[in-house]
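A short worksheet on the structure shown next.
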Amino acid sequence: MSVAEIDPRGRRFGRKGGAGGDRFFAGLATGAGVLILATLVGVALFLMVKAWPALTASADELPGGEGLAHYIWPLAFGTLVAAGIAILIAVPAAVAVALFITQIAPPRIAQPLSYLIDLLAAIPSVIYGLWGVAVLGPRSVGIQEWLADHVGWLPFFKGPATATGRTMLVAGVVLAVMILPIITAVTRSVFEQTPRRLQEGALAMGATRFEMIRLTVLPFGRSAMISASMLGLGRALGETMAVAIVLSVSGDVTFNLISSANPSTIAANIALQFPESSGLAVNTLIAAGLVLFAVTLVVNMAARAVINRQMRI
């Protein structure tokens, strides 16, 4: 009996059985990875093939009659603006909630609160959209009018404020609420894994609780915060029904977030236009979907590069 066939406790095990299990597991894991890559390549090829007629068509044949770039640019702009607003609001709020649950709140409060935050992820997007258009939008009219009156010198709030509340700002807030549980769940799970010896060492050196969090918990969870933000951004970029319900679309490209002139997003435009489209119009919508696919891919690649750089530091 060779040493390789005896475990640390002296019990024997079969080399052939263990090697066979390792090969099976390695093959299963490799197959799963290949399947994911094949699916990604398949989706990309489908989008490219279906979008090709729109990419090669003349401008007057496409919807709007001004070319594919002119059609997609306002949609891409609206997608990035709505997702950007959502990230700016959701990331600080999610990190604060995760810190409160893991570092400040007593267990009797932290546990129910974590359940409630997770429950937000189970709410359908159409419910968020109805809440945005029926509750948040009308009740935000006064705030948007105040912004137009007092900080209208900023291009984001120059007004005039819409009377319905169906603006890009409200759509961004709705998206922020939707991605909040995703970011919170990821950051909370990593904050909980911060080594106790680091936290206790910081406190033993005289640091306050805030200083301990700043010096140990936040640096330890930096890569997780970036990953969670990118997951939330991906959800915000591809959100459809909530944006379609909330936004009052005009097709304009503008940084004004509180007026009735709002660009649509790629996903919402596809959902609204696809049922009534045919022929080259369908290819045009798929071309817009290809742009959204490329944007999402670039965002995730950039996030992975940032995370890898943080892990090397």
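The values are calculated or read from the model by the stated rules, or taken from the named source; none is laboratory data. These numbers were taken from a predicted model, which means no experiment stands behind them. Because the Cβ atoms are built from the backbone with ideal geometry, glycine has one as well, and the counts that use them run over all protein chains shown.
Details
- Yes/no for Leu55 being in a helix (DSSP H, G or I), more than 21 Å from the chain's Cα centre (by Cα) and crowded, with 17+ Cβ neighbours inside 10 Å: no
- Against the numbered list (1) of a type in the set (Val, Ile, Thr); (2) within 14 Å of Ala82 (Cβ to Cβ); (3) out of contact with any Lys or Arg (no Cβ under 8 Å at 6 or more places or on another chain); (4) buried (at least 19 other Cβ atoms within 10 Å of the Cβ), Val253 comes up short only at (4).
- In the stretch 105-135, residue surrounded by the most Cβ atoms within 10 Å (Cβ to Cβ) [restricted to those that are of a type in the set (Gly, Ala, Ser) and touching a residue at least 24 places away in the same chain (Cβ under 8 Å)]: Gly132
Quick grid of which residues meet (1) closer than 25 Å to Met301 by Cβ; (2) of a type in the set (A, V, I, L, M):
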| position | (1), (2) |
| --- | --- |
| Val177 | no, yes |
| Leu180 | yes, yes |
| Ala185 | yes, yes |
| Phe191 | no, no |
| Gln199 | no, no |
| Gly221 | yes, no |
| Arg235 | yes, no |
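- For the stretch 232-260, filtering for residues that are outside any helix (DSSP H, G or I) and of a type in the set (Val, Ile, Thr) leaves 5.
- So Leu180, is it under 11 Å from Ile258 (Cα atoms), crowded, with 21+ Cβ neighbours inside 10 Å, touching a residue at least 40 places away in the same chain (Cβ under 8 Å) and aliphatic (A, V, I, L, M): no
Conditions (1) touching a Cys at 6+ places or on another chain (Cβ under 8 Å); (2) farther than 30 Å from Ala294 by Cα; (3) modelled with pLDDT of 85 or more; (4) assigned to a helix (DSSP H, G or I), marked per residue:
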position: Met1; (1), (2), (3), (4): no, yes, no, no
position: Arg9; (1), (2), (3), (4): no, yes, no, no
position: Asp22; (1), (2), (3), (4): no, yes, no, yes
position: Phe25; (1), (2), (3), (4): no, yes, yes, yes
position: Ala29; (1), (2), (3), (4): no, no, yes, yes
position: Ala32; (1), (2), (3), (4): no, no, yes, yes
position: Ala38; (1), (2), (3), (4): no, no, yes, yes
position: Val43; (1), (2), (3), (4): no, no, yes, yes
position: Phe46; (1), (2), (3), (4): no, no, yes, yes
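- Arg188 being touching a helix residue (DSSP H, G or I) at 6+ places or on another chain (Cβ under 9 Å), closer than 23 Å to Ala110 by Cβ and basic (Lys, Arg): yes
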